[in-house]
Amino acid sequence: MASRNRQAHRKQLNRSGKTMNRIEFAIFGSMLVYIVAVLVMYLKSEPIQGYEVQLGSLSVSKTYTGIAIRQEEVLKSSYTGYINYYIREGERVSSRDTVYSIDETGKLASLLNANHQEDSNYTDAELGEFRSEVVHYDSIFDSKEFSSVYDFKYDLEGSVMKLVNTNMYKSMETLNQSNLGGMVSLCTVGKTGYVVYSTDGYETLTPEQITPEMFDQTNYEKTRINNNDLIEKNATVGKLVTDENWSLMIPVEKERAAELEEEGYVEVKFIKTQEVSWAQVVVHHLSGGDYVQLKFNNSCTTFCTDRYIDVELSINNKQGLKIPNSAIAVKEFFIIPEEYMSKGGANGNYGVSMEKPDENGNLVYEFVETTVYNSDKNGFYVDNSNLHVGDYICKPNSTDKMAISKSGTLKGVYNMNKGYADFKQITILAENDEYAIVSSNTQYGLTVYDRIVLDAASVDNDTFVYQ
C-alpha cells in the first residue's frame, strides 16, 4: 500500500514538474517574443536625434526700404540755351567750380567733342576710374531693376565729363577766339555740396511729411536734363546736397519701433554696397503709422543720387538658451481658471475635482491629477489627456462648477531627459530663420544642458525616445 502511494506521489510530482516546465517555457517564450518585437521596432524606427541646450546669443536682422531725406537745393538755370555738364554726378564741388554751361547756339558740344577727339589718350588713373565704375555696377546689377542701366550710363557720362572739364579749361582760349565767344555762359552753383543732375519732387521732404503711399515705387519718377538738351531760363538743371548729415525714414511695426527706440543706435548694413554703418534712432508716430528715422553723418556721397535705399538692421543681441527652430512645437491645452485648481492625490500634485456618476448613478466628485505646463492671467494650461470638453469640474470648498471648454496653445519643445518626449513650454525672446533664443530657468521651461528632440514633428507627448 505504501509502495503504491509513493508511486502515485511520484507521478503527481512528474505531472506538476511538466506543468511548471510548460509555464516557465510559456513565460520565457513570451519574454523572448517581447524582446524580439522591441528589437524589430527599434531597428525599424529611426533614432530620435537629440540636441543639448546651450547658452547663446542671437542678433535679429530684417531688411527695410527707406526714403532718404537730405538738405537739398534745386538748381535753376539763369539762361536759355543748350546745357553741358562738366562735373561728375555725386562729386563734391565748391562755390567757384564751373558745374555746367549754357550755350545759346548749340555748337559748343561739337567743338568740345572735336577737341576731345584730338587727344584721346587716357592716363592709367583715368582708365582705372572707368574700370572701377564697370566693376562696381557688375557687382550690384539686378536684372529685375533694368532702370539701373540708365544710372550706370549717367555715371559713365559723368566720368567722361570730369575729363572734359579739364580739357575745356585748356581749350578756353580756342573757345574765346571762336564765333562762340560771349555766347557761352559758364555756371557755378554758388555753394559747396554734392551735385546731382536729377530731381524727384522730394527735395524739401521732412520726416513729418512721410506717408505710406510714398513707399510705393511704381509711381516714383525722376526728372533729368541730359547734355546738350535745350532748356529755358529758370528751368531745373539738378540739385545740390549741401550737408553731409542725412537720414533714412523706414516704416516699422510698433514693437520694433519700441525696440529701436530703446537701443538708441543701431547697426545698419547697406544692401547696395554691403557696407556697415551706425545710425542714431529717432521714432516718429505719424498718422500713417510708426516710422524710424536713421540719422547718419557719413556715406552721403555714396547714396546722394538714390531716394530709395535698402538696408538691413541688426537689432537686440539677445542672450538666453539657443535652440533650433526645428525643435519648436505648438501644442493645444485646456485652460482651467486658477480658482478651480487645487493640490491633492497621493503625491500632492495639481489637479481638478471632476464630476462623475458612481455605481448607483449618483453624482460624485473625484480628484484627477493634471500636468501643468504654464500659468498666466488666463489660468492654468493643463494636459488634455485625462480631461475632455464638456466635463464638469467643481471649485474647491464650493458648490460652483463649470464645464471644461476653453483651450489655448503654447510653444515648446520636447525634453528627452527621462527617456520619453516631455513637452516643455518656452518663452521666445528673439528668433531668425534657423534659431531662437528662449528664457532660461522658467517655472515650466528649460534649463541649460537639457536634451531636447531636434525634430519636434517626429514625436508626440510621452513618445518613447530611441537614441
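The values are calculated or read from the model by the stated rules, or taken from the named source; none is laboratory data. As the structure is a prediction and not an experimental result, all values here were calculated from the model. Backbone-built Cβ (ideal geometry, glycine too); neighbour counts: all protein chains shown. For the accessible areas, the whole protein counts, side chains as well, though only heavy atoms, and no ligand, DNA or RNA atoms are used. Shrake-Rupley method; radii C 1.70, N 1.55, O 1.52, S 1.80 Å.
In table form, for the structure just shown:
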quantity: Single residue of SER16, SER61, SER94 found to be of a type in the set (Gly, Ala, Ser), modelled with pLDDT under 85 and within 30 Å of TRP246 (Cα to Cα); calculated: SER61
quantity: Some residue of segment 410-433 being closer than 22 Å to PRO324 by Cβ, in contact with a helix residue (DSSP H, G or I) (Cβ under 8 Å, 6 or more places away or on another chain) and open to solvent by 70 Å² or more (accessible area, probe 1.4 Å); calculated: yes
quantity: Residue check, GLY445 open to solvent by less than 20 Å² (accessible area, probe 1.4 Å) and part of a loop (DSSP other than H, G, I, E, B); calculated: yes
quantity: 1 or more residues open to solvent by 60 Å² or more (accessible area, probe 1.4 Å) and either more than 29 Å from LEU75 (Cβ to Cβ) or at pLDDT 90 or above (or both): qualifying strands (runs of 3 or more DSSP E) within segment 200-286; calculated: 265-270, 276-286
quantity: Strands (runs of 3 or more DSSP E) lying entirely in segment 340-384 (those with 1 or more residues that are of a type in the set (A, V, I, L, M) and in contact (Cβ under 8 Å) with a residue 24 or more places away in the chain); calculated: 349-357, 372-376, 379-382
quantity: Tabulated pairs, segment 255-276, first within 18 Å of ASN298 (Cβ to Cβ) and among the acidic types (Asp, Glu), second at pLDDT 90 or above and open to solvent by 60 Å² or more (accessible area, probe 1.4 Å), C-beta under 8 angstrom, 6+ apart or interchain; calculated: GLU267/VAL276; GLU267/TRP278; GLU275/LYS269
quantity: Condition broken by TYR350, with the remaining ones in (1) surrounded by 15 or more Cβ atoms within 10 Å (Cβ to Cβ); (2) over 30 Å from ALA403 (Cβ atoms) satisfied; calculated: (2)
quantity: Inter-residue pairs, beta-carbon under 6 Å, first part of a strand (DSSP E or B) and in segment 385-403, second surrounded by fewer than 11 Cβ atoms within 10 Å (Cβ to Cβ), 6+ apart; calculated: ALA403/GLY390
quantity: Candidates ILE393, ILE404, ILE315, ILE336 - the one that is aliphatic (A, V, I, L, M), buried (at least 17 other Cβ atoms within 10 Å of the Cβ) and under 30 Å from VAL276 (Cα atoms); calculated: ILE315
quantity: Test: LEU294 is modelled with pLDDT of 95 or more and buried (at least 16 other Cβ atoms within 10 Å of the Cβ); calculated: yes
